[in-house]
Amino acid sequence: MERFKFSASKGMEGEPFLDEEMRQEILNAYEFRKQWPPYTYREYFDVTPELLNDFTDFLKTENTSKRKMELQPWITFCDSRCSFCYYPSTMFRSEFVDPYLTALKKELKMYAETKYVKTSEFDEIVLGGGTPTVLSAEQLIDIISFCEKNFNISSDYMIKITGSTHNLDEYKLKKFVEYGVLQLDVGVQTFNDDIRRKLFIQDSGEHAEQIIRKARKLGLYVCIDLMYNLPGQTMEIWREDVKKAIELDLEGVDCYPLEVYPGTFLEKQLKNGELPPPGDWKTEALMYVEAVEMFTKAGYIPVGHDRFTRVREHIEESCLNGWPWAGILTTGAGCFMGYLGRYSYQNTENVYEYLEKVSRGIFPIAKIHKSSDEDMIKKVMERLYLRLPVDKKEFKEKFGKLPEEVFPETIKRLKEKGLIEVDDNAIRITKLGDIWRINIAWEFANAKAIY
Ligand code: SF4
């Protein structure tokens, strides 16, 4: 198996990201930041027999996109529940594990046997969740190996495992390295112990740091999640978190603002006054700007949804760069990031229902959305949200018109506000527009497309 050679791109250090004037302009561009970009599982419809038939018919067709895709088996289990978490996950129970892994393989096989998937190529295997690292290294490797045997995996593929530091140890890390896992994605959120306790994160910041250091020493890439605007998190604490991430020389850091979702434990704690409320959106925006400054000065560059990276592979990721034409094939209870062709889908969260459906040979889809022509046009504009250019020539080849002809008013308005820049070849997000990427994506989603 030929391995993909990572090369850390030190020396990307740039100019300060924003000057003082721009910092002020940022706060004036919109009145508030939207929470979530358009075309996510929150907008999908409940599956119907007709939609499921339509989807299975689509799977009988050839994949002509020629874009490399991501294969994302989903381990739904967590051994604790973080207070802010709104992800579909299931409390770990050992008796669930074997039936779940058997069903996961069966679901993977169901996809692998379709024409669409047989004519697709994957260059990433990503174990998502949930917390895959609640399982043993051997169980995880078995799933990866199953994927390698049953799918067209390109020679330069990457294996990534998502997890939590509290259920990782040297043995597991060594097994991952021996097998050829390249990256560990861990949800650190903050290194501050007081806030970690408030968020019900199981281990200490120091333990998280030790595991990360071990993983990096063994040669794994490490990418962590950090959250800002957490209850009790001052700008000083946030700076300490960013500083720690830089000091750890991580390959990537995904920075998310706190979102308080209905039904989470955090929502209750805030309602009951047990925790101080998070800062307002201006505080949140300034925390983000601070992170941008610190990371860019340290040689990281912002890419994709929310990442700061210092490695070429994150920038060149085919699944990211191929949006919306590439694809993510995801499987497992609760997985929600799947998109194949025009179909985006989320699986059922309930493990019993998942096991039952898969045992009957039914795709365990709970929600699905089939993009219309107009959706596809708008999804291409969502590349701006992903910090990718919209190639005007490609746009015209696919849709017969230039983006400025399809969205004349929206593009004019965003350009005048300094949030996007347009030249003869492409439309790009500006530094000023970077923080408002979700709002910009929504502007196109809500606009009338003239096509
Ligand atoms: S580990 Fe991740 S998926 Fe599990 S409860 Fe915490 S945030 Fe949610």
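Every number in this text was worked out from the coordinates using simple rules, so none of it is lab data. As the structure is a computational prediction, the values presented were derived from the model and not from experiment. Every residue, glycine among them, receives a Cβ derived from its backbone with ideal geometry; neighbour counts consider all protein chains shown.
Distance between the 7 Å Cα→Cβ label points at LYS282 and ASN446: 2.2 nm. Other residues whose C-beta falls under 13 angstrom from the C-beta of GLN139 contribute a net charge of 0, scoring Lys and Arg +1 and Asp and Glu -1. Expressed in units of 2.2 N^0.38 Å, where N is the residue count, the Cα radius of gyration of segment 101-231 is 1.17. Normalised Debye scattering of segment 15-109 at q = 0.13, 0.21, 0.25 Å⁻¹ gives log10 I(q)/I(0) of -0.89, -1.29, -1.34, counting only Cα atoms as equal scatterers and leaving out solvent. Between LYS401 and SER204, the FRET efficiency estimated from the beta carbon spacing at R0 = 51 angstrom works out to 0.35. A full extension of the chain between MET376 and TYR261 corresponds to an added length of 38.6 nm, given 0.36 nm per residue minus the alpha carbon distance. Ranked for footprinting exposure by Cβ neighbours inside 10 Å, fewest first, SER359, SER65, SER372 give SER372, SER359, SER65. Counting every pair of alpha carbons in segment 238-313, the share spaced more than 14 Å apart comes to 66 percent.
Working value for the chain: equivalent-ellipsoid semi-axes of 31, 30, 22 Å, each the square root of 5 times a Cα gyration tensor eigenvalue, largest first. Using bins of 5 Å that start at zero, the share of Cα-Cα pairs per bin across segment 68-110 amounts to 5, 18, 23, 21, 16, 11, 4, 1, in whole %. The calculated FRET efficiency for TYR352 paired with GLU20, based on their beta-carbon distance and R0 = 41 Å, is about 0.15. Taking other residues whose beta carbon is less than 11 angstrom from the beta carbon of GLY205, and scoring Lys, Arg as +1 and Asp, Glu as -1, yields -4. Once a ≥ b ≥ c are taken as the square roots of the eigenvalues of the Cα gyration tensor of segment 204-359, is the result rounded (a/c under 1.5), prolate (a/b larger than b/c) or oblate (a/b not larger than b/c)? Oblate, because a/c is 1.5 or more while a/b does not exceed b/c.
Here the mean projected area of the convex hull built on the C-alpha positions of segment 307-451 is 10.3 nm². For the residue pairs LYS243/LYS431; LYS68/LYS357; LYS398/LYS431; LYS66/LYS174; LYS34/LYS401; LYS379/LYS415, the C-alpha atoms sit more than 26 angstrom apart in LYS68/LYS357; LYS398/LYS431; LYS66/LYS174; LYS34/LYS401.
The phi torsions of segment 289-295, fed into the Karplus equation with coefficients 6.51, -1.76 and 1.60 and a -60° offset, translate into couplings of 4, 4, 5, 4, 4, 5, 5 Hz, rounded to whole numbers, with Gly and Pro shown as x. The helix-only estimate of mean residue ellipticity at 222 nm for the chain, built from DSSP H runs of length n ≥ 4 each weighted as -39500 (n - 2.57), is -11500 deg cm²/dmol after division by the residue total. By the beta carbon rule, with partners counted only under 4.7 Å, the chain holds these lone Cys residues: CYS78, CYS147, CYS223, CYS255, CYS319, CYS335.
Computed from the Cβ-Cβ distance with R0 of 35 Å, the FRET efficiency linking GLU43 to ASN425 stands at 0.65. All other residues whose Cβ lies under 9 angstrom from that of ILE450 are scored, Lys and Arg at +1 and Asp and Glu at -1, for a net of +1.
Over all projection directions, the Cα-based convex hull of segment 298-339 averages an area of 3.7 nm². Normalised by the number of residues in the chain, the mean separation of alpha-carbon contacts (under 8 Å, six or more apart) gives a relative contact order of 21 percent. Sites count as exposed loop sites when they are GluC sites (Glu not before Pro), lie in a DSSP loop, and have at most 13 other Cβ atoms within 10 angstrom; the longest stretch of the chain without one is 275-451.
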